[in-house]
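Right, one structure below, let's go through it.
Quick note: the coordinates plus some simple rules give every number you see, no bench work behind them. Remember, predicted model here, so these are calculated numbers, not experimental data. So basically every Cβ, Gly included, is an ideal-geometry build from the backbone, and we count neighbours across all protein chains shown.
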């Protein structure tokens, strides 16, 4: 047990360490700007406007105001470590154990344990994870985490994963026990159950958490869906035991799940907030023609398969695909195995203490869904990775006994053979420490116009500003008096507007015409990162009424000369 806890703590610590890097995600700046004062661009926005990130914005702004970018980086690193700890913790807290034969007989006079086949016995045996196996497992996890370390951004999805991790631990317990007879049957080996008052308190706490989640991020819908999944598998499991479902318990639990779905209506945005996840799904998958441009043109919304074929982030994209395919195959295998056993041997399930049917099914299904979503869009990979780690950690304790002779033989190898995983972990930590020591700022000034924005504050202009979308949030945060053309909140823009924005990069003459018509007299664009604007910059540089007003190695500001 101590080894399991140590590995779980080490994984969480590695996640927290690797999450320490500058604020490279440019969206954080318009979140901070909106926390100070709700801002919109001077260009048209879609209606209705729902600030679904309000509580996230207020939280990160509070942290930023206390300690600036350094404290915000430390804050997000701690939260990422906590996320993985929450997902892995159920495997540490509730390891599977073989029930003593005497206990089996006491619980069931039929002595059904005698009918257990060797294969099934092997599948329910718990096997302690040894120190050497743990080092290898930690090395594999650390390598994956290091490759994807720059995905650990301070984004609203971080809080969605945090809340989902709480649900991952609490809801399987809270929604258990639909069959009264089953509870009495398992009482001899399940320990004391929490009192009714504690369950009511836990349900109320989850409802409050869901209420808050609705204004942290649009993925709040994952909470009610997760609860509904757990309840559905609990009902199926109760029937597998041949027990009658308690109508009273089912009604109370259904009411709880319905309340989770209804939490958006307790906010002032009401129906618009309730419908927000559906629009988000449309934008993510490109289900409607108007959303197709967002799904295809926004880098984070593209599939890792598309990115791999385009030669972008080759290592990360290839590893994403491999891990997602492994997750899908493993999830399907687990679901088929669990359902086949549950249908054919319900008495054995009752006696052999495979009482985690709802939990295991939920985990497998969640692994499948998140793996599929990660294949659809790169940004969903962070929803999948903690689930994959949790399932992989659990599988180490659920290996059949037939597999452990091989593991035992592996553990008998000379100690020198285990130096490589330990050295690999040390090497990764050394690379992390070197990268952290090289940072001269916790603000990624390579990605946002830090110096250019300071120059623009002291050199105002009379017209309107055109800017790159990734710079919009930082410009709004630093200089709120100068309204931006666009920022990272693409959901506030129509597809026609976004298409026209992208057209400027390929057809500079269209921009020159629109700049005159819309009184745009200043342009700020990147020269290196996300630099799609070479053609437009060349056209502006050759135009008689445009000139370079400011330039550094990363960004350029061009002003229109008054005629």
Mean Cα-pair separation over length for segment 450-560, i.e. relative contact order, pairs under 8 Å, 6 or more apart, %: 27
Burial ranking of peptide ranges 58-68, 516-526, 473-483, 81-91 (average Cβ count within 10 Å, highest at the top): 81-91, 473-483, 516-526, 58-68
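What is the order of 435, 340, fewest Cβ neighbours within 10 Å to most?
With the sparsest Cβ surroundings first, the list reads 340, 435.
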Ranked by how many other beta carbons lie within 10 Å on average, peptides 244-251, 451-458 from highest: 451-458, 244-251
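From the gyration tensor of the Cα coordinates in segment 450-560, what semi-axes in whole Å does the equivalent ellipsoid have, largest first, with each one equal to sqrt(5λ)?
For segment 450-560, the ellipsoid semi-axes come out as 18, 18, 14 Å.
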